[in-house]
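Here is the structure we will look at.
The values are calculated or read from the model by the stated rules, or taken from the named source; none is laboratory data. The structure displayed is predicted, hence computed values, not measured ones. Cβ atoms come from the backbone with ideal geometry, glycine included; neighbour counts cover every protein chain shown.
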Amino acid sequence: KQEVTQIPAALSVPEGENLVLNCSFTDSAIYNLQWFRQDPGKGLTSLLLIQSSQREQTSGRLNASLDKSSGRSTLYIAASQPGDSATYLCAALNDYKLSFGAGTTVTVRA
Amino acid sequence: DTGVSQNPRHKITKRGQNVTFRCDPISEHNRLYWYRQTLGQGPEFLTYFQNEAQLEKSRLLSDRFSAERPKGSFSTLEIQRTEQGDSAMYLCASSAEDRDQPQHFGDGTRLSIL
């Protein structure tokens, strides 16, 4: 059974700092890994998807890396803004189902 | 592309009542998934459909839960004889058949059991 862990559980930074969010998974036989954003009381917004054959994926200020052999992924958010405050979830795809971590709740202070 | 739509957004009911949720996926997606999320946790997989066929069910899906996807379009999730532990956010997602494509999520239905 795939187990996904996210560290830290919460993070508070001043505006402008870079954010580093970590995700680890136990079963390296994944098809891909997705990063999502969740605002309070809302559903999930897909941010980035990294295929198992890729090492990283970039979208604007977001960059995600994947080391499948060590079971790790990292999401970098450059030059954080108060609007980046949310919970960030990573999810590993095995077969057709996603296994999620519990998330990292980010607060960016103005 | 209007996104994944879920109704209702909130449902409050008394313990023992039956509830039904609806999910309308992105129109060209043939895969549909249900997940459940409790406070402070990540979503957990419940079941998924390819077209109208239900291909996998989690052991989290007790016999009080049933999901359908008639004609391979919208899906319903019914919970019979609700219990306090059923209180959660129920999330629906859809995707293309290609596993390289992301799953797109709706805003969920929040269920509260009194």
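If you check A:Leu48, A:Leu44, A:Leu21, which single one turns out to be in contact with a Cys (Cβ under 9 Å, 6 or more places away or on another chain), buried (at least 16 other Cβ atoms within 10 Å of the Cβ) and among the aliphatic types (A, V, I, L, M)?
Result: A:Leu21 is the single residue among A:Leu48, A:Leu44, A:Leu21 that is in contact with a Cys (Cβ under 9 Å, 6 or more places away or on another chain), buried (at least 16 other Cβ atoms within 10 Å of the Cβ) and among the aliphatic types (A, V, I, L, M).
Which residue, of B:Asp63, B:Asp24, B:Asp107, B:Asp98, is out of contact with any strand residue (DSSP E or B) (no Cβ under 9 Å at 6 or more places or on another chain) and within 14 Å of chain A (Cβ to nearest Cβ)?
Checking each option against the conditions leaves just B:Asp98.
Which condition number does B:Glu44 fail, the rest of (1) more than 8 Å from chain A (Cβ to nearest Cβ); (2) charged (D, E, K, R); (3) surrounded by fewer than 19 Cβ atoms within 10 Å (Cβ to Cβ) being met?
(1)
Identify all residues within segment B:70-82 that are at pLDDT below 95 and on the phi < 0 side of the Ramachandran plot; write none if there are none.
We begin by selecting, within segment B:70-82, every residue at pLDDT below 95; these are B:70-73.
Passing the criteria: B:Pro70, B:Ser73.
Within the group A:Ala78, A:Ala110, A:Ala64, which residue is farther than 28 Å from B:Glu56 by Cα and buried (at least 18 other Cβ atoms within 10 Å of the Cβ)?
Working: A:Ala78 fails: buried (at least 18 other Cβ atoms within 10 Å of the Cβ); A:Ala110 fails: buried (at least 18 other Cβ atoms within 10 Å of the Cβ).
Checking each option against the conditions leaves just A:Ala64.
Just checking, which of A:Asp39, A:Asp95 is touching a Lys or Arg at 6+ places or on another chain (Cβ under 9 Å) and surrounded by fewer than 17 Cβ atoms within 10 Å (Cβ to Cβ)?
A:Asp95
In this structure, is B:Arg59 surrounded by fewer than 15 Cβ atoms within 10 Å (Cβ to Cβ) and at positive phi?
no
Applying the selection to segment B:39-50, what residues are of a type in the set (S, T, N, Q) and either more than 17 Å from A:Asp95 (Cα to Cα) or under 13 Å from the mean Cα position of the chain (by Cα) (or both)?
B:Gln41, B:Thr47
Going through B:Ser87, B:Ser66 one at a time, which residue ends up being in contact (Cβ under 8 Å) with a residue 24 or more places away in the chain and either aromatic (Phe, Trp, Tyr) or surrounded by 13 or more Cβ atoms within 10 Å (Cβ to Cβ) (or both)?
Going through B:Ser87, B:Ser66 in turn, the sole match is B:Ser87.
Given the options B:Arg22, B:Arg36, name the one that is surrounded by 18 or more Cβ atoms within 10 Å (Cβ to Cβ), under 21 Å from B:Arg64 (Cβ atoms), under 15 Å from the mean Cα position of the chain (by Cα) and charged (D, E, K, R).
One residue alone meets the criteria, B:Arg36.
Quick test of your reading of the structure: B:Ser94 fulfils all but one of (1) in a strand (DSSP E or B); (2) over 16 Å from A:Lys97 (Cβ atoms). Name the failing condition by number.
Condition (2) is where B:Ser94 drops out.
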